[in-house]
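A.B. asks: A single structure is presented below for examination.
The values are calculated or read from the model by the stated rules, or taken from the named source; none is laboratory data. In this text the structure is predicted, and so the values were computed from the model without any measurement. Glycine gets a Cβ as well: all are built from the backbone with ideal geometry, and neighbour counts include every protein chain shown.
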Amino acid sequence: MVDGVKGGRSTHGICFGALAWLVEDGRVGDVDVSGLAAVLVVRYDDDEPGSPWTIVLHVDASGDDGQRAALADVFLGRLGGTKVGVLPWVRKERQLVEVRTDAIELVPDGGGYVLRVGDAVRARATRPVPADSDVRCVIPGYEEPGREFVADELVVRDDPLSWELTENCAFASRFAYASK
């Protein structure tokens, strides 16, 4: 969303992406998930009836079994919540390929970020899009303003999902999810 105006269709009619979260401070019930990450690799086609999502969720290998299960429960929408329940891969039809455990690195680089998910995902988005507009992600829960970047690379080799993109868009923001 730019200056409150929602975007339209995906640029080429198909959306490819990797959504990454780094939990600065968080609990899922009694489970502390602070410092852990999760990455959702996604694909959908605007012209496919219902635009179902194909997703692979990666949970942080540095967590224990309980922490990884808690992250999966949150990001797959199993626990509900006003912000999570409206996420498109939760409320729409989806094919969950698998929940995978991987080393996840999401590190600042200049003004942007570099993301690595095992051998499955590599992304670098460090060049801000020059604009004075208020840019926000249209995915619910991202009410905070963010920064739009040009992604130098987004490489995904995450069977059955695979692509290599350059010069596509990237977005970074802070947000808070809660079940109540």
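A.B. asks: Within segment 44-65, track down each residue that is modelled with pLDDT of 95 or more and not in a strand (DSSP E or B).
C.D. replies: Within segment 44-65, 61, 62, 63, 64, 65 qualify.
A.B. asks: Could you go through segment 53-72 and let me know if any residue there is out of contact with any Asp or Glu (no Cβ under 9 Å at 6 or more places or on another chain), among the acidic types (Asp, Glu) and under 23 Å from residue 161 (Cβ atoms).
C.D. replies: Among the residues of segment 53-72, not one is out of contact with any Asp or Glu (no Cβ under 9 Å at 6 or more places or on another chain), among the acidic types (Asp, Glu) and under 23 Å from residue 161 (Cβ atoms), which makes the answer no.
A.B. asks: Mind listing just one residue for me: the one in segment 121-149 that is in contact with a Gly (Cβ under 9 Å, 6 or more places away or on another chain) and not in a loop (DSSP other than H, G, I, E, B) and, of those, modelled with the highest pLDDT?
C.D. replies: 124
A.B. asks: Might you check whether a residue that is touching a Lys or Arg at 6+ places or on another chain (Cβ under 8 Å), among the hydroxyl-bearing types (Ser, Thr, Tyr) and modelled with pLDDT of 85 or more occurs anywhere in segment 99-108?
C.D. replies: Yes, there is a match, as at least one residue in segment 99-108 is touching a Lys or Arg at 6+ places or on another chain (Cβ under 8 Å), among the hydroxyl-bearing types (Ser, Thr, Tyr) and modelled with pLDDT of 85 or more.
A.B. asks: Same structure, new question: Could you grab me the full set of residues in segment 40-87 that are within 16 Å of residue 26 (Cβ to Cβ), in contact (Cβ under 8 Å) with a residue 40 or more places away in the chain and among the aliphatic types (A, V, I, L, M)?
C.D. replies: Answer for segment 40-87, where residues must be within 16 Å of residue 26 (Cβ to Cβ), in contact (Cβ under 8 Å) with a residue 40 or more places away in the chain and among the aliphatic types (A, V, I, L, M): 59, 70, 71, 74, 79, 84.
A.B. asks: So, one more: With the requirement that a residue be surrounded by 15 or more Cβ atoms within 10 Å (Cβ to Cβ) and in a loop (DSSP other than H, G, I, E, B), what does segment 66-120 give you?
C.D. replies: Answer for segment 66-120, where residues must be surrounded by 15 or more Cβ atoms within 10 Å (Cβ to Cβ) and in a loop (DSSP other than H, G, I, E, B): 76, 77, 79, 81, 83, 84, 87, 118, 120.
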